[in-house]
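So the structure is just underneath, and the comments pick up after that.
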Amino acid sequence: MAPKSAARRRNASVGQSSREEPRKAADTGPFVACVRRLAELVAQAGGSLRSLHADVDNLRAAAQAVPYAELAVQLREHASREFWHAALAVHAYSIRDCRALYEQLRQLDQQHQRSAASLDAGPADVTACLHETARTVALIKALSQTCFTMAATDGPAAAATPANAAHMLALIRCDTLQVCASILQTMTRIEAPPSRLPNDAATVSVLLVHIDTVSAIACERMRKGDTPFAVEWARAMAGSGILEHACRAILQLRACVAKAREAVAPAADDDEAARPSARRTRAVQQALETTNNTLEECARGPLFQAVAAVGDMYMAFLRLQDPAATSGTSTAGRAGTGPSEGSAAGSSASAAASLLPPAVNEELLTALGSVLRGRSLHFLLMKGLVDAGNASVAVRERFVASLNQHAQRSSKQGVAALSAKMQQGTPDREDWMGLPPSQRMSTADFERMGDETGEGGTGTMLACAKRDGLPIQRTYALFGACLVAARWLWKVTGMQPAIGANQPAGAAGSSNSSSSGASSGTRVAVGGSGAAAAAGGKSAVVRRPFNTAHVCAAVGHGLEAIIGMRLMLHEMSSVPFGYQADMSTAVQLLCQLAMRLRGREAVRLLGTVWTCGALVQKLMAASMLGGCILTAAELEESVVPALEAMGDLLLHKYDKEKNLQFPGHPSGCGMSLDYAIGSRAIFQLHASLSKALLLPSITSSTAAAEFQGRLRVALTDCFLRRSCALPALLTYSDPKEVGGLLVTLRQAMFVSDAPAGGPGPGASRAPSAPAAGGVQAQMVRLVVQLLEQVAAVCFHSPPPPPPPGSADETKGPAVPAGKASQNDGSECSAAARLTDSAKRDVPAESLQQMWAAAQPGNGAADAAAVARANATRMPVYAVLQLLPAVMQSGQVLVAELSEAHKDFTVGLSRVFLAAAVHGLSAMQRAAHAARAAGREMTGAFTGTESESWLLLLALSTRMYQWLARALGVSTAKRWPEGHAAALDVLEVLTVHVPEEELVLWVQLRTGKDAVAAPTGAPASPSVPVIQLGEGWLQQQGRHNLAAALKAKGCHLSAAAGSGGAGGGSSSSPATAAAAVDRLLDDVSRKHHLARLPRLVCPMDAMRGMDVTYNFRPCSFPGCTRVPACQIPGAAPGGEPVTMRCGRCRVESYCGAECQRAHWREGHKVECQRLGLLRKDLEAETVLKTSGGLGGVGIAGLG
């Protein structure tokens, strides 16, 4: 346990120093005197301490007389330059003596022909050399933890001056790291017998703690702007290859432990025959266990911390070069070295970094990558992940067995159900990824349940859970340490997370290994040395290197087991096992690994990946309701990257995916999306959003309200918008599940950022309009961008087939994020319809797959039929739920957004255009069906489905008011895209809307004001809101629009003055009809009306969700009532019970408040029309079923 205690002392030294200052200063005189005397004696002795045993022991005793942290602080404040020279000399001589002793041990082993199978203590000369080595290592440890620590270099507020770290800089510039690397390299050339393994492991531990300390000091100096110090450190670390040699030494010692265990096993069988031999065997077994534990502590302690320090150094350098570029990037956690200290360095640190020549900066980055580019280091990290993942599953199995035993003895209700739930969630796994038993991590430390309390298996279930939860904490600590180190290694070096056939992990025992870490061969030794295997012995190597699938499986199975156990423990009161930010980091890494899998590997592992994503969301939401509130930095550094990685994986397409057979829903959608839906990841997104809405009502904490607002934005932006997956989810997800998600998104635009007051979360309430800005403004913009995606994919005509000879649309060139290529592929056509804001930060693959992923696939017959039905209903239902909510979220908010963001104005106008075009298409279909049936049509004929679209646009969404504002803002700010999109909508409405309704909203001016640009809605309520000039329209190239408006009587005659519109068309009926027909031809060509997908009308979409799925949410767009089943302590249930409007029987409300609010918002005007429309649609359904009238509204027939 030496590494752990040393690291704790090092990390706590800075904080302890400030608390110890008022106390009596420690007496450093004896220690200083011993160091100086030893330096003089070693100089007289020719540079060796081997003959100065008494003086070495005196120095060790003087160091142990005072706590290391206090001694380091006093040395920093009072020690003279002569003392530091003496300390450096003693330290350098002791390390060289250690190297000489290990060379001597190697020669003695060769002389006596001792190997890892020798169980005796060895000859006297070997024993004496071993004792001398232990004394020298103890001296190195004492000096490293007193003179060369963070406390001895920098205080809590010490400035980054060269004088503070002069002795550390001298330590780095001399060959100390090279000598340490040679000691570790010597260990890899010999097979240590069991009696020497604990000493060798202790040596590795001391050297790694020293390396970790020096690395932490260099990282801290870098944060404070001392870049030359960091450059010197990086040069020394890269030149020595010390981390790589440390990893090889650990691997070699593990191989010796494995070989010694094989030799001890037969001796243990003869214990009864020879009692002295039995005692010696037990001593050897204990030594092997101690060695194994020390090596495990070395790997997950100082070694992984040193890797994290390199990552910290890398990020600190990037911050100094460009502080804005990495403001939201996370760094590995280390006590006293957080990001805030890096930012505290200010502009002086950036100036210090900028003084370096560009060549030095390049050298620093190259050296940092070289430090972590060793293959043995990579292999050790991969094996750590494999060990941690399998250990987590093993601990879960033991934990489930413990709960099951308690459930059998308990008579309380719910205990058996909880145990059964744990057993059902036990993940399947690949045992240890092919590692032989000798190389698997011993799980004895994690499987001792109850040793700390001595309770065994007795006690209440809560007591057993607390006791049995301790192994969970241990496995999670190992798991987190491996993940942090692996993340930094891959980030800094750019290496792939796999050890492939051409990437050997550095065979242990190889005597011809170079210092850079390269070695020949592709096998990893796990028992015995390479020389022993070559001599004809039994081969003990892993012939299956770790690939991406192995690492992904280990991380996935381990994370699934850990989070599953934490969720079960979280359900028990008073058990503090909740969400931690590192879990989101693990999910991010897991999704990145999953995107590198081959197709067949993905079939096996995607279910585990998406289950982990769903479990992390579930645990985060449960912990959030329990009071676990993350800071803005934690949310930005852990949750946001994880959500982005999950969103990137949603539409990821694997090679030859169509040819793979994978279990799941045979719906024909993409494999990753199918597993995400089947693993309830989309359901958990809905649940997390809903619980984020509950927070302000449950707690009055301002921090809680701010956190839930940021979480709503993160879930919507990172998971939904960036993935471009909402159109595909509308097609393939369960309609009731995705419908609940849409309702939750609608509610999220109306929840205040501040803690809510008034009615509780289960009450029916109609809140006031939100204030502009903040989280609500972000949510409104995000919802508009989601509607843009739905309109671009589901409402527009299918893209034309690619021209002959072009690349297939699934294998076309990559589309950069935020841009669309110029070919005619489906993905490019859909992406080209999005605004720049909607495409910002969206991965190229998501843009490419956005359209194809939403098309009904070739799955099973029943599933394909459901997908086709969803593709015609759910996009309309999404617009029906979200578009009215956007327009009713507040006139001030929408006005400010339209004036501040061009893409908001353009995007919302395009959503209106998509709905208006489908209304026009429905009218044309109805007119064609009526003419085919030989029935006469009235002049105001629109059709029942078309009437439903008009009601959605004109009344529910206040479309005309929006068009007036969009035209006014766009012309005032000179946004040609804005008024072009609004005029496109107006062209469709001019053809679609009856004349008597159009004249109430649109007015075309002629005369001297004909060339004036639109200025927005007029102040007088008696004047139509859309004011256009004929000359201005002609300047925009809209001649047919101006002619059609005049033909429909929307022009203002000279005699009418400024009081209203004209009294009808001034031209003959034939001329007016021709003008409208010309505009209709333009609209048909521009929007490809003949090729539009067939969608149901809004009322049919609402009725379909009601009748087919019994899904009937509150119709008031501003309702924020959360379903009662999501309120803590409430009885389980479904959506809140809603009652239909007694007049129209179309709209539904959760209470009287929402009904009255919706009546005032506009339902009073549309209620009667909705009722008549409902009767017409029901009559049409009967006629279609009986083979009669098809698609023609009864009100439109003569």
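The values are calculated or read from the model by the stated rules, or taken from the named source; none is laboratory data. Here the structure is a predicted model, which is why all the values come from computation and not from measurement. For neighbour counting, all protein chains shown are included, and Cβ atoms are generated from backbone atoms with ideal geometry for every residue, glycine included. Please note that ligands, DNA and RNA were not included when accessible areas were found on the heavy atoms of the full protein model with its side chains. Shrake-Rupley method; radii C 1.70, N 1.55, O 1.52, S 1.80 Å.
Of note:
A quick yes/no check of all residues on (1) surrounded by fewer than 24 Cβ atoms within 10 Å (Cβ to Cβ); (2) more than 23 Å from residue 998 (Cβ to Cβ):
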| residue | (1), (2) |
| --- | --- |
| 846 | no, yes |
| 850 | no, yes |
| 872 | yes, yes |
| 903 | yes, yes |
| 911 | no, no |
| 927 | yes, no |
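- Verdict on residue 771 being open to solvent by 10 Å² or more (accessible area, probe 1.4 Å), touching a His at 6+ places or on another chain (Cβ under 9 Å) and at pLDDT below 55: no
- Among residues of the stretch 961-980 that are assigned to a loop (DSSP other than H, G, I, E, B), those with a beta-carbon under 8 Å from a residue that is basic (Lys, Arg) at least six positions away or on a different chain give the pairs 973/902; 975/902.
- From the options 1011, 1002, 993, 988, residue that is over 20 Å from residue 1076 (Cα atoms), touching a residue at least 24 places away in the same chain (Cβ under 8 Å) and more than 42 Å from the chain's Cα centre (by Cα): 1011
This table checks each residue for (1) assigned by the TED database to the domain that holds residue 190; (2) at pLDDT below 80; (3) assigned to a helix (DSSP H, G or I); (4) open to solvent by 20 Å² or more (accessible area, probe 1.4 Å).
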{"position": "244", "(1), (2), (3), (4)": "yes, no, yes, no"}
{"position": "255", "(1), (2), (3), (4)": "yes, no, yes, no"}
{"position": "272", "(1), (2), (3), (4)": "no, yes, no, yes"}
{"position": "277", "(1), (2), (3), (4)": "no, yes, yes, yes"}
{"position": "291", "(1), (2), (3), (4)": "yes, no, yes, no"}
{"position": "313", "(1), (2), (3), (4)": "yes, no, yes, no"}
{"position": "317", "(1), (2), (3), (4)": "yes, yes, yes, no"}
{"position": "327", "(1), (2), (3), (4)": "no, yes, no, yes"}
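- Test: residue in the stretch 1024-1044 that is over 54 Å from the mean Cα position of the chain (by Cα), under 28 Å from residue 902 (Cβ atoms) and modelled with pLDDT under 85: no
- Here residue 593 fulfils each of the conditions (1) open to solvent by 10 Å² or more (accessible area, probe 1.4 Å); (2) at pLDDT 85 or above; (3) over 25 Å from residue 397 (Cα atoms) apart from (1).
- Some residue of the stretch 96-109 being of a type in the set (A, V, I, L, M), modelled with pLDDT of 90 or more, buried (at least 21 other Cβ atoms within 10 Å of the Cβ) and assigned to a helix (DSSP H, G or I): yes
- The C-beta contact set for the stretch 95-107 (first residue touching a residue at least 24 places away in the same chain (Cβ under 8 Å), second residue part of a helix (DSSP H, G or I) and charged (D, E, K, R), distance under 7 angstrom, 6+ apart or interchain) comprises 101/132.
- Verdict on residue 125 being over 41 Å from the mean Cα position of the chain (by Cα) and either at pLDDT 90 or above or within 18 Å of residue 214 (Cβ to Cβ) (or both): no
- For residue 180: the one exception among (1) in contact with a His (Cβ under 8 Å, 6 or more places away or on another chain); (2) farther than 15 Å from residue 236 by Cβ: (2)
- Only one of 216, 201, 192 that is crowded, with 24+ Cβ neighbours inside 10 Å, outside any helix (DSSP H, G or I) and not hydroxyl-bearing (Ser, Thr, Tyr): 192
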